[in-house]
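The values are calculated or read from the model by the stated rules, or taken from the named source; none is laboratory data. Note that this is a predicted model, so its numbers are computed, not measured. Here the Cβ is made from the backbone with ideal geometry for all residues, glycine too, and neighbour counts use every protein chain on show.
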Amino acid sequence: MTDKTPLSPGSTIGILGGGQLGRMLAMAAVQLGYRVIGYAPAGDNVAASACDDFFENGWSDTAALSAFASQCDVVTWEFENVPLSAVDAIPDALLAANPKSLQIAQDRLNEKSFVEELGAKCAPYMRVESDEDFARALERVGTPGILKTARDGYDGKGQWRIGSAHEAEGVRFPGRPCIYEGLVNFESEFSVILARGADGTIRIWDSSANTHDGGMLVKSVIPAGAVVEAQVEAAQNIARQTANALQYVGVLTLEFFATRDGPVFNEMAPRVHNSGHWTIEGAATSQFENHIRAICGLPLGGTETRFTSIDMRNIVGEDALSAHAILAEEGEPHLHLYGKREAREGRKMGHVTRVAHD
Ligand code: AMP
């Protein structure tokens, strides 16, 4: 969307994807007086209940994509694996952000080389497209390391940790393009989340320290601690350059490891991010609202942190069934449940944010 005229109230925002990120984006959009239409293949599309209308159609259904687009004034996405062919079916003029950001973020090799060219440091890595490549990567990068599918992995899926050369004997090349990267000995993990407006204005939230388990985010905490805080500025510079290089509009997330040698870039997401959920109650403007403001050409809101201590934790699997008990706790925890029908193991069902002034 190059036109900087703000979208007037009552205009329609289209969201590609139907998960919790879409749901929270839709809630922010509705608050600002917009209509929202979602689009995703049939499934547990929890965004639908927050949207005015929802298309449950496949990504290759170009007729449905055109019908969806014809009702939208701007189109955004809530997850980075929307097939590029589906995005191609949406007129360029409606797209909030450059689809190149999706193309880059959909492939771990692309995103690493793109951000490396802007000056970021990455863990040593090699492309793996055959058994021979895998053997070579193990030799050159060494162990411990992680073999990851180059595409479609999320929350630790499509990843194999390899602790030693001996362990590597038990891991086979999975038959689709992968990346093998050295295991980073990090002190902490953090993300830089920024919003970039159509006029190029950039606002950045404070970085939380993020803890993962099995590749999935468990919690995000502010303050992030001295190690992260010493490295945030360098990481923010990379994130800013990435957003500018892509002429990106909306919320963009870059994840980093804080190491003894400075920030090491891990991956990027051209969307709102789980590690930014704390911004709903913890920041002057949430990541969801600023994404909507950015794509609608409205002024961005402040990103200042409003509390001295913030703790966001994911609610996963069957824990969601007893999550209402959290409401009885002291300190007024903020509970968000995503309305997913099935509390499967390892599935993000909600989150709780605790804020405090020490
Ligand atoms: P990713 O899907 O690449 O974001 O990986 C998910 C999580 O796995 C990260 O947030 C880290 O906790 C861990 N991880 C991934 N890659 C590495 C690495 N090269 N070194 C150490 N930990 C990693």
Helices (runs of 4 or more DSSP H) contained in region 55-143 and holding at least 1 residues within 16 Å of the ligand (Cβ to nearest atom) and small (Gly, Ala, Ser): 100-105, 108-117, 131-141
Subset of region 226-241 [within 16 Å of the ligand (Cβ to nearest atom) and of a type outside the set (A, V, I, L, M)]: GLN231
Positions within region 235-289 being among the basic types (Lys, Arg) and closer than 26 Å to PHE307 by Cα, in sequence order: ARG240, ARG271
Pair list, Cβ under 6 Å, 6 or more apart: region 214-229 residue exposed (fewer than 15 other Cβ atoms within 10 Å of the Cβ), other residue polar (S, T, N, Q): VAL218/THR211
Cβ-Cβ under 7 Å pairs, at least 6 apart or on other chains, region 133-149 side in contact (Cβ under 8 Å) with a residue 60 or more places away in the chain and closer than 13 Å to ARG172 by Cα, far side within 14 Å of the ligand (Cβ to nearest atom) and not in a loop (DSSP other than H, G, I, E, B): none
Tally of residues being within 16 Å of the ligand (Cβ to nearest atom), among the hydrophobic types (A, V, I, L, M, F, W, C) and in contact with a helix residue (DSSP H, G or I) (Cβ under 7 Å, 6 or more places away or on another chain) across region 203-225: 2
Hits in region 191-207 (condition: more than 22 Å from ARG347 (Cα to Cα), of a type outside the set (Val, Ile, Thr) and surrounded by 17 or more Cβ atoms within 10 Å (Cβ to Cβ)): LEU194, ALA195, ARG196, GLY197, ALA198, ARG203, TRP205, ASP206, SER207
Residue under evaluation GLU132, criteria (1) modelled with pLDDT under 95; (2) more than 16 Å from ARG176 (Cα to Cα), criterion not met: (2)
Residue that is surrounded by the most Cβ atoms within 10 Å (Cβ to Cβ) [pool: residues in region 80-127 that are among the hydroxyl-bearing types (Ser, Thr, Tyr) and within 20 Å of PRO263 (Cβ to Cβ)]: TYR125
Subset tally (residues that are surrounded by fewer than 17 Cβ atoms within 10 Å (Cβ to Cβ) and near the ligand (Cβ under 9 Å from one of its atoms)) for region 160-182: 1
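Against the definition (within 16 Å of the ligand (Cβ to nearest atom), within 20 Å of ASN81 (Cα to Cα), modelled with pLDDT of 95 or more and of a type in the set (Gly, Ala, Ser)), how does GLY276 come out, yes or no? Give the steps one after another, and end with the answer.
Details: within 16 Å of the ligand (Cβ to nearest atom): yes; within 20 Å of ASN81 (Cα to Cα): yes; modelled with pLDDT of 95 or more: yes; of a type in the set (Gly, Ala, Ser): yes.
The answer is yes for GLY276.
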Subset of region 53-82 [under 16 Å from the mean Cα position of the chain (by Cα) and modelled with pLDDT of 95 or more]: THR76, TRP77, GLU78, VAL82
Unmet criterion (only one of (1) at positive phi; (2) away from the ligand (no atom under 16 Å from the Cβ)) for GLY262: (2)
Residues of region 1-42 satisfying the condition of being touching a Gly at 6+ places or on another chain (Cβ under 7 Å) and at positive phi: GLY10, GLY33
